[in-house]
Amino acid sequence: MKSNEEFWQRYYNQSKVNDSDKFGRMFPFLPSAHKDTKKVRSALLELGKKKGIMDNDSKNLDNPKIPSGFTFFGQFIDHDITFDPTSSLEHQNDPNTIENFRTPVLELDSIYGGGPVASPHLYDITTGGIKLLIDKDFPNDVPRNSQNTALMADPRNDENLIISQLHLAFLKFHNAVVDQVIANGITAPFQAFAEAQRLVRWHYQWIVLYEYLPLIVGKSVIKDILKNGRKFYKFKNKPYIPVEFAMAAFRIGHSQVRPVYKVNSQFTAPIFNSSQDQNHPDPDDLRGGKRAPRRFVEWSNFFNTESGVVQQGKKIDTTISSPMFELPFVPDPKALPQRSLLRGLSFGLPSGQDIAKEMFIRPLLPVDLSDVADLGFDRKTPLWFYILREAQIEKDGTRLGPVGGRIVAEVLIGLLQGDEQSFLRENPDWKPTLGKKGKFRMTDLLKIAGVL
């Protein structure tokens with residue numbers, strides 16, 4: 001490496017390698033659960049409607065196993081690996097032609113963008129571009145332009161206050177790691193950036209594999225995949241994102257959202273409030289795109305720490321918090337469950353029962369789905385709904401069941417195994433160097449970032 005300029009150019013070229021990656025199918029030979037007809041669409045809208053089967057706050061119970069912060073960490077992961085701005089709810093979509101505008105690897109391109117050369121607006125030029133930009137006048141918020149638009153590689157990370165604050169934590173984590181790298185003697189700018197970025201990515205990947213996934217799918221599934229390999233998520237040269245994962249199995253966060261969050265000691269609010277004026281500078285909900293003194297997160301309310309009372313996420317089941325049925329920022333239908341169900345139909349997803357059989361797993365019985373029998377979904381169940389009900393029946397909503405858990409675990413582990421630069425591929429015996437005794441958790445990241 002002869003110069004900083006040469007390094008940044010190679011970095012930029014590397015970041016563009018996977019720009020044209022498409023979605024795909026994990027089970028390409030299984031038929032769609034239902035034909036896309038007016039009758040089926042009507043039934044799906046009925047299933048996911050406000051005050052329907054999935055809208056019942058009295059049954060929307062807390063999950064004692066998973067703190068609420070991991071709901072948004074899961075959303076953060078999703079934004080890191082998938083972005084589909086072109087498909088439609090209105091017609092059939094071929095996943096092999098839908099471009100994924102995120103690279104399907106856990107590399108934090110939602111944070112780093114194309115690097116200091118391709119995305120200079122994300123970086124602090126006073127540091128030579130090796131640190132990410134933090135607004136010195138508003139250090140408790142993501143950087144924004146004069147119109148309050150967040151300066152970030154993925155605008156979805158400003159959809160709500162909590163994920164926006166998580167994005168900010170990663171910015172500060174990178175900057176803190178840069179300081180540590182320089183203190184350890186790596187002072188050349190391009191080398192300091194490269195080493196800091198590697199450490200940030202690997203510690204993030206460690207959390208995904210050894211903290212997040214065990215909570216969501218259980219340790220036994222992870223051990224089996226790492227020991228015996230992936231059975232269903234296969235690829236030849238590089239990973240892809242299966243629609244069974246992106247449009248169904250990894251939409252579990254919709255079920256985990258609480259209707260109301262205590263964000264800090266001064267501010268408790270619903271996740272969304274459809275009646276709130278969208279132009280209000282400091283609305284009484286947690287929508288993103290706003291800047292005000294009270295709009296910051298005290299992370300002890302979201303992750304298990306030494307202080308504070310953590311809020312738990314909701315159980316993974318077919319009951320969704322009521323605010324999710326009136327999204328304030330989308331066209332009709334405004335109910336997120338309706339949108340997810342229509343998304344599954346538009347991509348021709350197989351039924352949960354067919355996938356269970358393909359995986360040699362005993363499907364749920366019709367009696368387990370008797371409440372959707374009148375809609376015709378007790379034997380051919382939309383995959384997203386099936387995976388949520390499976391978690392409810394098989395694991396009491398504390399984590400995913402065998403079908404959903406296997407899909408999520410195989411894909412996330414497969415993304416690590418397919419990435420030549422991940423710790424699991426490059427150095428599988430690696431242990432975290434920023435935590436204690438080779439361990440690293442989300443709370444460690446927040447502490448190093450200086451936000452806990």
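The values are calculated or read from the model by the stated rules, or taken from the named source; none is laboratory data. Everything numeric here is computed off the predicted structure, so don't read it as measured data. We place every Cβ from the backbone using ideal geometry, glycine too, and count neighbours over all the protein chains shown. What goes into the accessible areas is simple: the full protein's heavy atoms, side chains included, and nothing from ligands, DNA or RNA. Shrake-Rupley method; radii C 1.70, N 1.55, O 1.52, S 1.80 Å.
The table below gives the values:
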{"quantity": "Peptide ranges 358-367, 312-321 listed from the most packed, as the mean C-beta count within 10 angstrom indicates", "calculated": "312-321, 358-367"}
{"quantity": "Local net charge near Pro293, Cβ-Cβ under 12 Å (Lys/Arg +1, Asp/Glu -1)", "calculated": "+2"}
{"quantity": "J(HN,Hα) series, segment 162-178, from Karplus relation 6.51 cos²θ - 1.76 cosθ + 1.60, nearest Hz, glycine and proline x", "calculated": "6, 5, 4, 5, 5, 4, 4, 4, 5, 4, 5, 5, 4, 5, 5, 5, 4"}
{"quantity": "Å² of accessible area per residue within segment 151-307, as computed with a 1.4 Å probe and no ligands counted", "calculated": "38 Å²"}
{"quantity": "Segment 289-365, accessible surface, carbon-and-sulfur percent (1.4 angstrom probe)", "calculated": "54 percent"}
{"quantity": "Mean Cβ neighbour count within 10 Å, used as a protection proxy, ranking 227-233, 22-28 highest first", "calculated": "22-28, 227-233"}
{"quantity": "Full-stretch length increase - Glu46, Lys22 - with 0.36 nm per residue and alpha-carbon distance subtracted", "calculated": "5.5 nm"}
{"quantity": "Contact order relative to length of segment 154-300, as percent, for alpha carbon pairs under 8 angstrom and 6 or more apart", "calculated": "28 percent"}
{"quantity": "Mean separation of Cα contacts under 8 Å, 6 or more apart, over the residue count of segment 240-331: relative contact order %", "calculated": "35 percent"}
{"quantity": "J(HN,Hα) series, segment 37-49, from Karplus relation 6.51 cos²θ - 1.76 cosθ + 1.60, nearest Hz, glycine and proline x", "calculated": "10, 4, 5, 5, 4, 4, 5, 5, 5, 5, 5, x, 7"}
{"quantity": "Per-residue [θ]222 nm for the chain (sum of -39500 (n - 2.57) over DSSP H runs n ≥ 4, rounded to 500)", "calculated": "-10500 deg cm²/dmol"}
{"quantity": "Long-range HN-HN contacts of Arg144 with modeled amide H, under 5 Å", "calculated": "Leu151"}
{"quantity": "Qualifying trypsin sites (Lys or Arg not before Pro) for segment 255-310 [loop in DSSP, other Cβ within 10 Å: at most 13]", "calculated": "Arg294"}
{"quantity": "Label-point separation in nm, Arg362 to Lys223, each point 7 Å along Cα→Cβ", "calculated": "2.3 nm"}
{"quantity": "Segments 397-409, 180-192 sorted - mean Cβ within 10 Å per residue, highest first", "calculated": "397-409, 180-192"}
{"quantity": "Long-range HN-HN contacts of Leu132 with modeled amide H, under 5 Å", "calculated": "Asp124, Asn175"}
{"quantity": "Largest-first ellipsoid semi-axes for segment 260-319, taking √(5λ) over the Cα gyration tensor eigenvalues, angstrom", "calculated": "23, 17, 7"}
{"quantity": "Cut-off under 5 Å, modelled amide H: who pairs with Phe302 long-range", "calculated": "Gln311"}
{"quantity": "Extension reserve of the Lys238-Ala373 stretch, reckoned as 0.36 nm per residue once the Cα distance is removed", "calculated": "44.5 nm"}
{"quantity": "Where chymotrypsin sites (Phe, Trp or Tyr not before Pro) fall in DSSP loop in segment 264-350, at most 14 other Cβ within 10 Å", "calculated": "Phe329"}
{"quantity": "Rough spin-label spacing in nm, given labels placed 7 Å along Cα→Cβ, for Val260 and Asp137", "calculated": "3.5 nm"}
{"quantity": "Prolate/oblate/rounded call for segment 95-223, Cα gyration tensor, a/c under 1.5 rounded", "calculated": "oblate"}
{"quantity": "Derived scalar couplings ³J(HN,Hα) [segment 343-353; Karplus, 6.51 cos²θ - 1.76 cosθ + 1.60; whole Hz; x for Gly, Pro]", "calculated": "4, x, 5, 5, 9, x, 5, x, 6, x, 5"}
{"quantity": "Alpha carbon convex hull of the chain, volume per residue in cubic angstrom", "calculated": "144 Å³"}
{"quantity": "Relative contact order (%) - the chain, alpha-carbon pairs under 8 angstrom, separation at least six", "calculated": "25 percent"}
